Amino acid sequence: AVFLVFALLAAALVVRPWRRWPVMAAIAAGMAAGSAEWVAEAYARFGGPLARYHLASAEQGGFGLRTGFWAELRAVNGPTLCRPCTIAWRYPVLSLWWLALPVLVLLGILVARRAGHRASALLAAVCALALGAQYLFGIWYAAPRFLLPTYALAAIPVADLIGWIITRTRPAERPAMRVLIGFVLLLQLVTQHAVLGRQVNDTVQLHSDYAKVAADLRQLGVEPPCLINGAQEIPVAFYAGCASAPDPSNKEPSDPGQFAVLEWQSSQPPAYAKNWARHRLPGTSTLKLIAYLPPAKPGP
């Protein structure tokens, strides 16, 4: 929201007809109303907005300049969350629209300028960039949903481009041009529906695998109250009824209780868990995990 508000305020200052206090007040009021719940929750649960921001930064691996656009390109056809985004670029043909979108937006701005309404098309494009830049250049992982607001705003100058193409086409050829543009849009819709269907199936399978891993942990005695760290700790802990807490210090918790560390079969456990009991979980179609459990504490 902060990125978006800066873009809107800059536009209100630069474009003379928009340089009016009701416009500025509306932007400020929208920001206040939209962020009120976040700020209130920050004080109630995280110790204030600044503390919440620092916690969010730590969860994202730190904010800063990142090559997130490459991760977004690889994730555009799935998975729904690419973290860490180490997958190969899948189905490049279905990603051509993503590479073409910035070019289409730029062309849309140019034709809108010729039509006399450049400001509105340019504002939509700038706001799209403001919302997308934090994901394209600010974090190291990707999820297709992050850029949905960017796509919605980018559609405005693209629509200007489509309108210009139709109006510049000779009257006798306009029906054929409309059919051609409609076919391209339909093709995009069909391919995206196919991507959606595949991702729904993959997500259902993945959540089923999380439940299987949680059941395997229960067989090993990991039951609430419990704590899970390591690979996939958040979703597995949710299904197991445990808490999850990343361990940046790489140190054993002072009171592990019902504690388990999960690692991929190809990875090594943290130093404190190297001598813990190693349990190869039966395995699922997508999750190949090892559970490391601390030695049982002696009775009183």
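The values are calculated or read from the model by the stated rules, or taken from the named source; none is laboratory data. Keep in mind it's a predicted model, so treat the numbers as computed, not measured. All Cβ positions, even for glycine, are placed from backbone atoms using ideal geometry, and neighbour counts span all protein chains on display. For accessibility, only protein heavy atoms count, side chains too; no ligands or nucleic acids. Shrake-Rupley method; radii C 1.70, N 1.55, O 1.52, S 1.80 Å.
One line per residue, one yes/no per condition, for (1) surrounded by 11 or more Cβ atoms within 10 Å (Cβ to Cβ); (2) touching a strand residue (DSSP E or B) at 6+ places or on another chain (Cβ under 6 Å); (3) basic (Lys, Arg):
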{"residue": "Val2", "(1), (2), (3)": "no, no, no"}
{"residue": "Val5", "(1), (2), (3)": "yes, no, no"}
{"residue": "Leu8", "(1), (2), (3)": "yes, no, no"}
{"residue": "Leu13", "(1), (2), (3)": "yes, no, no"}
{"residue": "Arg19", "(1), (2), (3)": "yes, no, yes"}
{"residue": "Glu41", "(1), (2), (3)": "yes, no, no"}
*Out of all the residues in the range 41-56, is one or more closer than 18 Å to Trp140 by Cβ and of a type in the set (Gly, Ala, Ser)?*
yes
_The conditions are (1) open to solvent by less than 90 Å² (accessible area, probe 1.4 Å); (2) under 28 Å from the mean Cα position of the chain (by Cα); (3) at pLDDT 90 or above, and Leu217 fails exactly one of them. Which is it?_
(2)
*Out of all the residues in the range 252-271, which are modelled with pLDDT under 90 and in contact with a helix residue (DSSP H, G or I) (Cβ under 6 Å, 6 or more places away or on another chain)?*
Glu252
*asked:* I'm trying to understand the selection: among the residues of the range 236-251, which are at pLDDT 90 or above and part of a loop (DSSP other than H, G, I, E, B)?
replied: Gly241, Cys242
*In the range 166-212, what count of residues is obtained for those that are more than 30 Å from Pro79 (Cα to Cα) and open to solvent by 60 Å² or more (accessible area, probe 1.4 Å)?*
12
_Here's a check for you: in the range 272-289, which residue that is modelled with pLDDT of 85 or more and within 23 Å of Pro79 (Cα to Cα) is surrounded by the fewest Cβ atoms within 10 Å (Cβ to Cβ)?_
Lys288
*Grab the helices (runs of 4 or more DSSP H) fully contained in the range 61-165, keeping just those with 2 or more residues being under 29 Å from Pro175 (Cα atoms) and either open to solvent by 40 Å² or more (accessible area, probe 1.4 Å) or of a type in the set (A, V, I, L, M, F, W, C) (or both).*
96-115, 118-136
